[in-house]
Amino acid sequence: MKAAVITFPGSNCDRDLAVAFEAAGAEVVRVWHKETALPEGLDVIGVPGGFSYGDYLRCGAIASRSPIGQAVVDFAGRGGYVIGICNGFQVLTEMGLLPGALMRNAGLKFVCKPQALRVASTDCAFTAGYAAGAEVVYPIAHHDGNFTIDAEGLAALEAEDRVAFRYIGNPNGSMNDIAGVLSANRRVLGLMPHPERAADPAQGGTDGAALFRALAGVMAQV
Amino acid sequence: MKARVHVMLKDGVLDPQGEAVRHALGHLGFSGVEAVRQGKVIELDLAATDRAAAETEVRAMCEKLLANTVIEKYTIEIA
């Protein structure tokens, strides 16, 4: 598996994400936001958490229009795999690769804690390593994770089994407890919780490692 | 030429910040506030001199960057 991890000014989970990919056996290429082309032979792109461009205008808005942004959109358009975590999820919604938007947490507070989640769909390369309905704990750390979408879009996500993760105990007001969603082709995943921060025993939990291993397993078969 | 863009959450989208402001106003004794919606104002200085062309350009800016039309609506004033 060859993975690219994008770094924007203000990204702060890019290295953690690269380490998690590497632990799953991936070759990782770090890509700076000012680049306009992605490396050759790429299997997956990781858009990391952080506060890209200081969260100016809207979280993820400036990053989604950055020079590398169009290359990410094109890669996804060709059927490439993309995972966006936390700020990366916000970036992917701003790019239009995922539906909905992440609004200010209903409680208005930055929430930072281990969060129990339900794996709501195992029908994608990212969650294929979990048992259906499995409960996992990933850390969350966000101020704007309140997933919002119009009624029609919400119905479509549910009908098409595109909710990948749900919160157990909703921390931010997200509709239908949604913590992570998939694109229509199931190859783009965005989620607020951080699997890359639960991928090594030293981090206090390893529930997230299975996500990267599953992805590597699917890539090995492609 | 100057343009002023008002970006607001669409009707029906819950505004947690506006709600917090409403509660705070209530605590200060302003009991008659039934709803608060919070938005943002963006001012632009434009080189354009043609009003219609400026408005077309600012509208494109709103669609591409200044507003997230999934949850936000916008109005444009040209002065």
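Just so it is clear, none of the values below were taken in a lab; they were calculated from the coordinates. As the structure is a prediction and not an experimental result, all values here were calculated from the model. Every residue, glycine among them, receives a Cβ derived from its backbone with ideal geometry; neighbour counts consider all protein chains shown.
For the stretch A:179-217, which residues satisfy the criterion of being of a type in the set (Gly, Ala, Ser), assigned to a helix (DSSP H, G or I) and in contact with a helix residue (DSSP H, G or I) (Cβ under 6 Å, 6 or more places away or on another chain)?
none
Report, by residue number, each residue of the stretch B:35-64 that is within 14 Å of chain A (Cβ to nearest Cβ), among the charged types (D, E, K, R) and part of a loop (DSSP other than H, G, I, E, B).
Selection gives B:Arg37 alone.
Any chance the stretch B:65-72 includes a residue that's surrounded by 15 or more Cβ atoms within 10 Å (Cβ to Cβ) and more than 14 Å from chain A (Cβ to nearest Cβ)? Explain how you work it out, then say what you get.
At the first step, the residues of the stretch B:65-72 found to be surrounded by 15 or more Cβ atoms within 10 Å (Cβ to Cβ) are B:65-68, B:70-72.
Adding the requirement that they be more than 14 Å from chain A (Cβ to nearest Cβ) leaves none.
No, the stretch B:65-72 contains no residue that is surrounded by 15 or more Cβ atoms within 10 Å (Cβ to Cβ) and more than 14 Å from chain A (Cβ to nearest Cβ).
Okay, residues lined up against (1) away from chain B (no Cβ under 14 Å); (2) under 22 Å from A:Leu17 (Cβ atoms); (3) of a type in the set (S, T, N, Q):
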{"position": "A:Thr93", "(1), (2), (3)": "no, yes, yes"}
{"position": "A:Cys112", "(1), (2), (3)": "yes, yes, no"}
{"position": "A:Gly133", "(1), (2), (3)": "yes, no, no"}
{"position": "A:Ala155", "(1), (2), (3)": "yes, no, no"}
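Please determine, by comparing only the residues of the stretch A:117-165 that are assigned to a loop (DSSP other than H, G, I, E, B) and among the aromatic types (Phe, Trp, Tyr), which one is surrounded by the fewest Cβ atoms within 10 Å (Cβ to Cβ).
Result: A:Tyr130.
Looking at the stretch A:69-90 only, could you name the residues that are within 17 Å of the chain's Cα centre (by Cα) and of a type in the set (A, V, I, L, M)?
A:Val72, A:Val73, A:Ala76, A:Val82, A:Ile83, A:Ile85
Could you list all residues from the stretch A:46-84 that are surrounded by 24 or more Cβ atoms within 10 Å (Cβ to Cβ) and β-branched (Val, Ile, Thr)?
A:Val47, A:Val72, A:Val82, A:Ile83
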